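S.K.: Please see the structure below; I have some questions.
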Amino acid sequence: MILHNTYRWLDKNRGRIRTAVGMAWPSVLESFFVALAGMVDTMMVSSIGAYAVAAVGLTTQPKFIGLALFIATNVSVSALVARRKGEMDAYGANETLLTALVFTAIAGTVVSAVCVYLADPIIRLCGSGADTHEGAVLYFRIIMGGMMFNIISLVINAAQRGSGNTRIAMTTNVTSNLLNIVGNYLLIGGHFGFPALGIKGAAIATVFGTVVACVMSIASLLRKDSFVNIRTMVRDKVRLSLRPVKAIAKLSSSVFLEQLLMRAGFMSTAVMTARLGTEAFAAHQAAMNILSISFSFGDGMQVAAVALIGRSLGEKRPQLARLYGQICQRIGNVISLAVSVFFLLGGRFLYQIYFDESHIVDMGVTLVRVIVLIVIVQIAQVIYMGCLRGAGDVIFTTIASTVSVTIIRTAVSYGMCYVAGLGLVGIWLGILADQISRFLFTSWRFKSGKWTKIRI
């Protein structure tokens, strides 16, 4: 009976499943290659030593805190452009992008300068040790000094995704990360006459990749068939106005608060881990890289959900929006099962690629067993989050993320790590508790249907 009903559902929605897959695969591929490049990046850095992996890992959370404002802006841009696409309002979509670009350029200059100037105390606050501090500060200064190229590319890609063009983001990000890997090979150890710059070389390679991605993203706005493009801005005399400013601020303010509170939770977990020692933090950083692989699949499906749901609600078709959410979720369930099996069977192999030290590999294998459980709910909650954000239900997602990440994750990690004495495994049980909590919150909200009534 279950198989029969499933077949009927698939047959009935074959065309819409094809639409969802067609929009999702470039984003899934993009996110996967970004995550894979992150793994390769860490593997290349690990050739210097475990301390280098830990040093680069220390910069992750402060980097994302610096990007929080722009991530929030991009979430609102994707949702708004998707809604304007459903309304066939090309002027409004381009007006939204132009406003976001101007804001990103101004705010990005300020954030970049502050991060570069305060790099030393920021990294010290993250729990750096004597063997990791100098390298982490150097890496952080370089990547944040070149962040402008990254955030300009991100906001353009966010608008393109919202309009349904997920391939340009895939092309730019895959190119960027391939160049990053090549740059790592040339600059970390020194090959083909290039200097051996170590951690500094890894940072320069990262920035170089984002420069090329930025140029490619800007070039995508020159295409005639793009819903958001420079020609339309010039032809229709698109100007800055308060309408998109209010819409972006309304959505992004909640997402920005969510990002800050989430990063506070992530930061507290990272500091707890750093206090366990350099090798434990290196094992933790590798585990985060591995977890990012599963997140990449959910993130790719989330992109499709935002565009399809935003467009459907713009067309005044809430039932279609719910259906697309269900389709993305079912595809995600299949992916999560496959990824869990892969991690269960290949955990030791993955860690042996990172480290030669057997005790670090043994730590990692235990963490991967926890990751297998995390993956089952992680992909589902990421897709649900995308559905809600695509509809503009950002207040709920802020509350859900704050409770789950900032409170539950931090409390469980501390209790399991220090009180129960489980060390690094306790930290990851806290991460599991966070993912389960977010899944329960978002699945309940999606099924309630209240998000279909929000106007943006």
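S.K.: Is there any pair linking a residue in the range 203-216 that is among the charged types (D, E, K, R) to one that is modelled with pLDDT under 95, with Cβ under 7 Å and at least six apart or on different chains, and which?
M.R.: Listed by first residue and then by second, the contacts come to nothing, as the list is empty.
S.K.: Looking at the range 169-191, which of its residues are more than 15 Å from Leu36 (Cβ to Cβ) and within 17 Å of the chain's Cα centre (by Cα)?
M.R.: Hits for the range 169-191 are Ala169, Thr171, Thr172.
S.K.: Another question, then. Can you name the residue in the range 258-309 that is assigned to a loop (DSSP other than H, G, I, E, B) and out of contact with any helix residue (DSSP H, G or I) (no Cβ under 7 Å at 6 or more places or on another chain) and is also surrounded by the fewest Cβ atoms within 10 Å (Cβ to Cβ) among such residues?
M.R.: Checked the range 258-309; the qualifying residue surrounded by the fewest Cβ atoms within 10 Å (Cβ to Cβ) is Arg275.
S.K.: Give the residues of the range 430-451 that are more than 21 Å from the chain's Cα centre (by Cα) and surrounded by fewer than 20 Cβ atoms within 10 Å (Cβ to Cβ), sorted by residue number.
M.R.: Trp444, Lys447, Ser448, Gly449, Lys450
S.K.: Now a separate question. Within the range 336-356, which residues are surrounded by fewer than 19 Cβ atoms within 10 Å (Cβ to Cβ) and hydrophobic (A, V, I, L, M, F, W, C)?
M.R.: Listed by number, the residues that qualify are Leu337, Ala338, Val341, Phe342, Leu344, Leu345, Phe349, Ile353.
S.K.: Look through the range 83-138, keep the residues that are farther than 20 Å from Ala264 by Cα, of a type in the set (Val, Ile, Thr) and open to solvent by less than 40 Å² (accessible area, probe 1.4 Å), and return whichever of them is modelled with the highest pLDDT.
M.R.: My answer is Thr104.
S.K.: In addition: Looking only at residues that are at pLDDT 85 or above and touching a helix residue (DSSP H, G or I) at 6+ places or on another chain (Cβ under 6 Å) in the range 314-323, which one is surrounded by the most Cβ atoms within 10 Å (Cβ to Cβ)?
M.R.: So the residue we want is Ala321.
S.K.: Only residues that are of a type outside the set (A, V, I, L, M), outside any loop (DSSP other than H, G, I, E, B) and over 21 Å from Asn289 (Cα atoms): list them for the range 418-438, please.
M.R.: Of everything in the range 418-438, those that are of a type outside the set (A, V, I, L, M), outside any loop (DSSP other than H, G, I, E, B) and over 21 Å from Asn289 (Cα atoms) turn out to be Tyr418, Ser437.
S.K.: Which numbered condition trips up Val34, out of (1) open to solvent by 30 Å² or more (accessible area, probe 1.4 Å); (2) free of Cβ contacts under 8 Å to residues at least 40 places away in the same chain?
M.R.: It fails just one condition, (2).
S.K.: How many of the residues in the range 158-180 are closer than 24 Å to Tyr139 by Cβ and either open to solvent by 40 Å² or more (accessible area, probe 1.4 Å) or at pLDDT 90 or above (or both)?
M.R.: Summing the residues that are closer than 24 Å to Tyr139 by Cβ and either open to solvent by 40 Å² or more (accessible area, probe 1.4 Å) or at pLDDT 90 or above (or both) in the range 158-180 gives 3.
S.K.: Criterion first (assigned to a helix (DSSP H, G or I), open to solvent by 10 Å² or more (accessible area, probe 1.4 Å) and without any contact (Cβ under 8 Å) to a residue 24 or more places away in the chain) does Leu186 satisfy it?
M.R.: For Leu186, the condition - assigned to a helix (DSSP H, G or I), open to solvent by 10 Å² or more (accessible area, probe 1.4 Å) and without any contact (Cβ under 8 Å) to a residue 24 or more places away in the chain - is met.
Yes or no, residue by residue, for (1) of a type in the set (Asp, Glu); (2) in contact with a His (Cβ under 9 Å, 6 or more places away or on another chain); (3) over 30 Å from Ile353 (Cα atoms):
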position: Leu58; (1), (2), (3): no, yes, no
position: Leu97; (1), (2), (3): no, no, yes
position: Leu118; (1), (2), (3): no, no, yes
position: Pro121; (1), (2), (3): no, no, yes
position: Arg124; (1), (2), (3): no, yes, no
position: His133; (1), (2), (3): no, no, no
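S.K.: Restricting the search to the range 382-396, which residues are in a helix (DSSP H, G or I) and crowded, with 24+ Cβ neighbours inside 10 Å?
M.R.: Val382, Ile383, Tyr384, Met385, Gly386, Cys387, Leu388, Arg389, Gly390, Val394
S.K.: Under 22 Å from Ile309 (Cβ atoms) and in a helix (DSSP H, G or I): which single residue out of Ala113, Ala93, Ala105 fits that description?
M.R.: Ala93
S.K.: Another question about this same structure. With the structure loaded, tell me whether Ile65 is among the β-branched types (Val, Ile, Thr), at pLDDT 75 or above, open to solvent by 40 Å² or more (accessible area, probe 1.4 Å) and part of a loop (DSSP other than H, G, I, E, B) or whether it fails that test.
M.R.: no
S.K.: Any idea which residue in the range 413-428 is nearest to Ala93 (Cα to Cα), counting only those that are crowded, with 20+ Cβ neighbours inside 10 Å and without any contact (Cβ under 8 Å) to a residue 60 or more places away in the chain?
M.R.: Gly426
The values are calculated or read from the model by the stated rules, or taken from the named source; none is laboratory data. As the structure is a prediction and not an experimental result, all values here were calculated from the model. Note that each Cβ is placed from the backbone with ideal geometry, even for glycine, and that neighbours are counted across all protein chains shown. SASA here: full protein model, heavy atoms, side chains in, ligands and nucleic acids out. Shrake-Rupley method; radii C 1.70, N 1.55, O 1.52, S 1.80 Å.
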